[in-house]
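Remarks on the structure that follows.
The values are calculated or read from the model by the stated rules, or taken from the named source; none is laboratory data. What you see is a predicted model; the values in this text were computed from it and never measured. Backbone-built Cβ (ideal geometry, glycine too); neighbour counts: all protein chains shown. Side chains are part of the model used for accessible areas, which takes the heavy atoms of the whole protein and leaves out ligands, DNA and RNA. Shrake-Rupley method; radii C 1.70, N 1.55, O 1.52, S 1.80 Å.
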Amino acid sequence: MDSLAAELRDAGQAALWEHAEQLAEPQRSMFVVQLREVDWRHIARLYQAAVAPGTGTDAIREKARRAQPPERLIRLADVAAEHLQQARARGEAALRAGVVAAMVVAGGQGTRLGSQAPKGLLPIGPLSGKSLFQGFAEQVLARGRRYGTRIPYLIMTSDATHADTVAFWREHGLFGLADEDVRFFCQGSLPAVDAATGRALLAAPGQLALSPDGHGGLLAALQRSGLLRELAARGIETLFYHQVDNPTTIVCDPVFLGWHLLKGAEVSTKVVAKRSAEEPMGVAVTVDGVTQIIEYSDLPREVAAQVDSAGRLRIWAGSTAIHAFQRDFLEQAAADPRGLPFHIARKVVPYWTPETGFVEPSAPNAFKFERFIFDVLPWARQPLMVEVDRSAEFNPVKNRTGADTPETARAAVQAVYRRWLREAGAIIGDDVPIEISPLVALDADQVRAKVAPGTAFTHPVDWSRPGE
Ligand code: UTP
């Protein structure tokens with residue numbers, strides 16, 4: 001007890017100890033367990049860094065001024081059909097060999113969307129209303145079947161999403177995936193602190209206001225869970241990584257995996273052309289020879305706005321947050337004593353104090369500390385950026401209204417299916433609703449095999465269940 005009290009005092013958190021002493025059992029013991037799980041000296045250092053003038057952000061912004069378009073890049077327009085075919089064949093060979101696993105990060109709180117349930121439960125199927133999770137699980141299942149293998153699917157949750165996510169998958173029989181192929185693992189949490197004082201906030205009496213430690217929490221969570229060892233034992237060499245909120249992700253895309261492997265990359269990232277200089281999206285750049293992703297808030301406006309002689313954005317490569325990683329690279333990164341850096345976000349965090357009771361602030365009042373997985377990029381000797389078609393592959397659900405909503409994402413998935421039908425020579429209007437389960441067709445080629453050229457579709461095309 002004394003050591004905890006001393007740690008809290010040294011870290012400027014004496015109020016937490018006083019609060020613990022006022023609680024009755026068993027709440028007090030439970031609170032003490034929570035307090036012990038936090039490295040309070042580390043939190044104090046992070047807070048100091050957040051408020052110290054002229055550090056952190058300024059240095060990053062200064063560096064961003066030297067940003068160049070990314071080196072080691074595959075540009076869509078430059079790829080010959082024959083090279084595309086080679087990449088596809090290489091990716092397919094890896095899938096057939098059973099050395100690829102898929103991984104989704106689903107620990108975020110989805111605050112902008114404002115739903116209480118984890119984002120992966122969001123109904124996205126335009127006709128079936130099937131969830132984001134189901135769409136991905138069906139892709140994993142279908143691709144495994146296509147290549148005569150079983151693809152492990154790793155699902156990262158957080159304290160905020162774990163219980164609901166696991167229950168949902170179990171209720172749905174893991175969407176047809178085998179028990180030994182689905183692995184849930186939970187990322188860590190960190191306390192949010194009051195931006196003005198650095199004091200940890202309470203969510204309720206005897207309860208810290210905790211939030212997930214960012215998708216970069218993946219490294220530590222993979223390590224802790226023993227999954228990296230399990231994957232090695234299973235012969236997995238490459239991991240396809242994606243986020244839970246983009247329904248048009250091509251899970252285990254053979255072409256992308258193929259480029260990653262052909263180029264000998266340790267980590268690869270899909271990028272898309274930014275729509276405008278102001279678009280709030282991380283960008284892939286090379287600074288002083290090091291390829292990395294810079295958050296949009298760290299890219300000075302005048303750098304973001306630079307254009308080339310043809311009037312195109314110079315810093316154009318927006319990150320889709322879709323990556324491929326070599327397993328051994330992730331192992332080294334997880335063991336790297338440098339650790340991923342922390343980013344500081346000013347957010348609205350509701351809190352409780354004995355004096356005020358519960359407070360729902362209307363403006364950002366707190367700092368949250370998060371790690372981002374893309375910060376492993378500078379640790380790679382051979383990173384690779386692969387440009388993809390934005391409308392086909394990057395349509396995330398972020399907001400309740402405006403851009404990137406469930407509605408825009410549903411429209412985008414239908415546009416993809418419609419394009420597949422048209423490529424097969426079918427006739428379908430823009431207003432005909434459509435859904436195609438991955439178990440029916442994973443891509444345009446599989447649709448072509450099902451549809452005779454000239455077929456006209458005038459009624460909703462509901463191929464949302466296998467057997468259609
Ligand atoms: P976002 O940064 O968009 O966050 O996450 P979010 O939680 O979905 O939404 P907001 O910002 O609260 O509105 C991008 C991806 O990273 C995952 C999310 O689940 C999503 O797939 N993520 C984010 C985690 O897995 N853990 C985290 O701590 C943060």
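Numbers for the structure displayed
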quantity	calculated
Close pairs (8 angstrom Cβ cut-off, 6 or more residues apart or separate chains): within 22 Å of Gly107 (Cβ to Cβ) and open to solvent by 20 Å² or more (accessible area, probe 1.4 Å) in the stretch 234-262, assigned to a helix (DSSP H, G or I) and of a type in the set (Gly, Ala, Ser) anywhere	Pro247/Gly135; Pro247/Ala409; Pro247/Ala412
Of all residues making up the stretch 160-182, the number that are outside any helix (DSSP H, G or I) and out of contact with any Gly (no Cβ under 9 Å at 6 or more places or on another chain)	3
In the stretch 148-162, residue nearest to the ligand (Cβ to nearest atom) [restricted to those that are open to solvent by 10 Å² or more (accessible area, probe 1.4 Å) and in contact with a helix residue (DSSP H, G or I) (Cβ under 7 Å, 6 or more places away or on another chain)]	Arg150
Output for the stretch 441-465, where each listed residue is assigned to a loop (DSSP other than H, G, I, E, B) and in contact with a Lys or Arg (Cβ under 8 Å, 6 or more places away or on another chain)	Ala441, Leu442, Ser464
Filtered residue count, the stretch 61-89, keeping only those that are in a loop (DSSP other than H, G, I, E, B) and either within 16 Å of the ligand (Cβ to nearest atom) or hydrophobic (A, V, I, L, M, F, W, C) (or both)	3
Among the candidates Leu177, Leu228, residue that is surrounded by 18 or more Cβ atoms within 10 Å (Cβ to Cβ) and either within 16 Å of the ligand (Cβ to nearest atom) or closer than 28 Å to Phe342 by Cα (or both)	Leu228
Flag for Ala412 being in a helix (DSSP H, G or I), touching a Lys or Arg at 6+ places or on another chain (Cβ under 9 Å) and in contact (Cβ under 8 Å) with a residue 40 or more places away in the chain	no
Residues being open to solvent by 10 Å² or more (accessible area, probe 1.4 Å), closer than 26 Å to Phe175 by Cβ and part of a loop (DSSP other than H, G, I, E, B) - total across the stretch 416-440	4
Residue within the stretch 90-103 that is within 16 Å of the ligand (Cβ to nearest atom), open to solvent by less than 50 Å² (accessible area, probe 1.4 Å) and at pLDDT 95 or above present	yes
Some residue of the stretch 360-369 being open to solvent by less than 40 Å² (accessible area, probe 1.4 Å) and touching a helix residue (DSSP H, G or I) at 6+ places or on another chain (Cβ under 7 Å)	yes
Residues being out of contact with any helix residue (DSSP H, G or I) (no Cβ under 7 Å at 6 or more places or on another chain) and either within 12 Å of the ligand (Cβ to nearest atom) or at positive phi (or both) - total across the stretch 206-219	6
